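The values are calculated or read from the model by the stated rules, or taken from the named source; none is laboratory data. Given the structure is predicted, the values throughout are model-derived calculations rather than measurements. Note that we place each Cβ from the backbone using ideal geometry, even for glycine, and neighbour counts take in every protein chain shown.
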Amino acid sequence: MSAEAAALAPASGAGGRAAAYFELTKPRVLAMVLLTTLVGFYLGSAERFDLWLALSTLGGTALAAGGTLALNQYFERGIDALMIRTQHRPLPEGRLSPPEALVFGLAATAAGCVWLWAAANFLAAAVTAAIALLYLFAYTPLKRVSWICHAVGAVPGALPPVAGWAAASGRLGPEPLLLFFIMFLWQLPHSLSIARLYQSDYARAGISMLPLAGGRGNPVDKLILLDCIALIGAGALPTLLGFAGWIALLVAAALGLMMLAFGLRLARTPRAATAARRVMFASLLYLPIVFLVLVLDRI
């Protein structure tokens, strides 16, 4: 059997095809979406946490988000085939055909939104639908045009806790908007550090995920630093506005300062992969820990 045939063989069985469809949903990204949705749901539940509604919300969100991420892979299948980090995804490898991915993505996204409308409320479904539309028709095409896509993509990326809050309470308010603000600011250092790590891979596919450096250096360096400073301020707002206690402020400040320190090191050594990787890892610590403290503060 040839190497190509061996690569395609696992997808011929039911288990292989199921695994390929699961890959289309980008499981690690999907897990973050579900986590932040659950945080928003819990914080929006007031005094009574409805377990059945929470599970229903996560089920609908998993369908809608997984479908959206599958459609993203459908739209970017040509780019994915050119990049080392994505060339082994189901579509570039031929383990699934583009029509199969398209039908799966459309069906899952629509089913998830309808599920959320029926199980929770229209507001949760509408926010989830907005996430899908912004991700697919604003962020995804803009990646081919400008590095500003990072800021545009941060909008749908920051909406899952808002959708969770809407599912639990049926309304919006300052708290879910604050969660959105924190997630929006968190995403820029996170996504820009990833762009630093895989800059040559993106360039191979003709995607400019970073601006060109000028006489005063790369503007991304200043953006990461400014964003980390803004994130420290945003992390203090739940306490200052009475939504959380002082422990939440101290934790958010400590993690924000850690991100800022690594951001400064990245600005001094922009070509060092280690510096970019530390910013990325710091961001991966920041969000789940800060959100966990906000949840524990309500128990």
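Annotations for the structure displayed:
- Look at segment 76-91: where a residue is part of a helix (DSSP H, G or I) and a partner is among the hydroxyl-bearing types (Ser, Thr, Tyr), sitting 6+ places away or on another chain with Cβ atoms under 6 Å, you get Asp80/Thr86.
- Within the set Ser56, Ser97, Ser45, the sole residue that is at pLDDT 95 or above, over 21 Å from Ala132 (Cβ atoms) and small (Gly, Ala, Ser) turns out to be Ser97.
- Test: residue in segment 106-114 that is touching a residue at least 40 places away in the same chain (Cβ under 8 Å), under 14 Å from the mean Cα position of the chain (by Cα) and buried (at least 21 other Cβ atoms within 10 Å of the Cβ): no
- Residue in segment 39-52 that is farther than 30 Å from Gly245 by Cβ and outside any helix (DSSP H, G or I) present: no
- Qualifying residue in segment 237-245 (condition: assigned by TED's automatic domain parsing to the domain that holds Leu179, modelled with pLDDT of 95 or more, among the aromatic types (Phe, Trp, Tyr) and at negative phi): no
- Hits in segment 142-155 (condition: modelled with pLDDT of 95 or more and not β-branched (Val, Ile, Thr)): Gly153, Ala154
- Selection within segment 92-105 - surrounded by 22 or more Cβ atoms within 10 Å (Cβ to Cβ) and either of a type in the set (Lys, Arg) or not in a helix (DSSP H, G or I) (or both): Arg95, Leu96
- Whenever a residue of segment 13-32 is over 19 Å from Gly157 (Cα atoms) and in contact (Cβ under 8 Å) with a residue 24 or more places away in the chain, its partners that are buried (at least 19 other Cβ atoms within 10 Å of the Cβ) and of a type in the set (Phe, Trp, Tyr), lying with C-beta atoms within less than 9 angstrom and at least six residues away or across chains, give the pairs Tyr21/Phe104.
- The one condition from (1) closer than 25 Å to Ala124 by Cα; (2) touching a Pro at 6+ places or on another chain (Cβ under 9 Å); (3) surrounded by 22 or more Cβ atoms within 10 Å (Cβ to Cβ) that Pro238 does not meet is (2).
- Residue satisfying all of: in segment 156-205; free of Cβ contacts under 8 Å to residues at least 60 places away in the same chain and over 15 Å from the mean Cα position of the chain (by Cα); surrounded by the most Cβ atoms within 10 Å (Cβ to Cβ) among these: Gln199
- Residue that is nearest to the chain's Cα centre (by Cα), among those in segment 118-141 that are surrounded by 15 or more Cβ atoms within 10 Å (Cβ to Cβ) and over 20 Å from Gly105 (Cα atoms): Leu123
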